[in-house]
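Step one of this worksheet: look at the structure below.
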Amino acid sequence: MGAALDARRAVSFPEKHAAMTKPAVFLDRDGTLMHEVDYCRDPADVRLFDGTRDALLRLKDAGYVLVIITNQSGIARGLLTERDFENVQTRLLALLGDDLIAATYMCPDGPAGESGRRKPSPAMVREAARELSLDLDHSWFVGDKVADLQCGLNAGTRAVLVRTGHGHLVSAADAAGAHFVAKDIASAADFILSDSGAS
């Protein structure tokens, strides 16, 4: 990604953003953009879901800033290193293409969430909003876990649950807070663009 991982997050170099706030689509990584691999540490295991790149291109073309928000508790558990995370993330960004993702925010905490940044906390979303001048009122969060939905809702965005990754395990009751339940990232993008009138 071109820069060493700091203790708080891994950030791919952001594009230059105008002072005016922009809407964003915040994206979980594992199980949402790429196939779920428990504690993925090998770049060779990175496989995008069908239609992922096209879906993100359409969102970006519609004016959304794309930001990955990811918990990586495997680091705290000793199952992977920060360098492993960087290598996997570099591979993901290479598959997606240059400049598609504006930034990536990562929390390495275990389930106890020592730093207070771990999803469902909205801390990483709010960091991104401050640093990238994002309009949370007109933004979305897309993910495959209840924690993703809660993170987005806690930050003031709308939320979409995808049924890929762990999404097929989320009960209807737990998914009730979502504004939409999508088959995958492609159908999530269809819904967001339709809702915004950009389709």
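The values are calculated or read from the model by the stated rules, or taken from the named source; none is laboratory data. Quick caveat: nothing in here was measured; it's all calculated off a predicted structure. Cβ: placed from backbone, ideal geometry, glycine included. Neighbour counts: every protein chain shown.
Worth pointing out:
- Test result for Asp137, under 22 Å from Thr104 (Cα atoms), without any contact (Cβ under 8 Å) to a residue 60 or more places away in the chain and either surrounded by fewer than 24 Cβ atoms within 10 Å (Cβ to Cβ) or among the hydroxyl-bearing types (Ser, Thr, Tyr) (or both): yes
- Restricting attention to the range 15-65 and to residues that are part of a loop (DSSP other than H, G, I, E, B) and aromatic (Phe, Trp, Tyr), the residue that is surrounded by the most Cβ atoms within 10 Å (Cβ to Cβ) turns out to be Tyr64.
- Number of positions in the range 171-185 that are aliphatic (A, V, I, L, M), buried (at least 18 other Cβ atoms within 10 Å of the Cβ) and out of contact with any Leu (no Cβ under 6 Å at 6 or more places or on another chain): 2
- Only one entry of Thr52, Thr81, Thr70 meets the criterion of being modelled with pLDDT of 95 or more and farther than 18 Å from Ile185 by Cβ, and that entry is Thr81.
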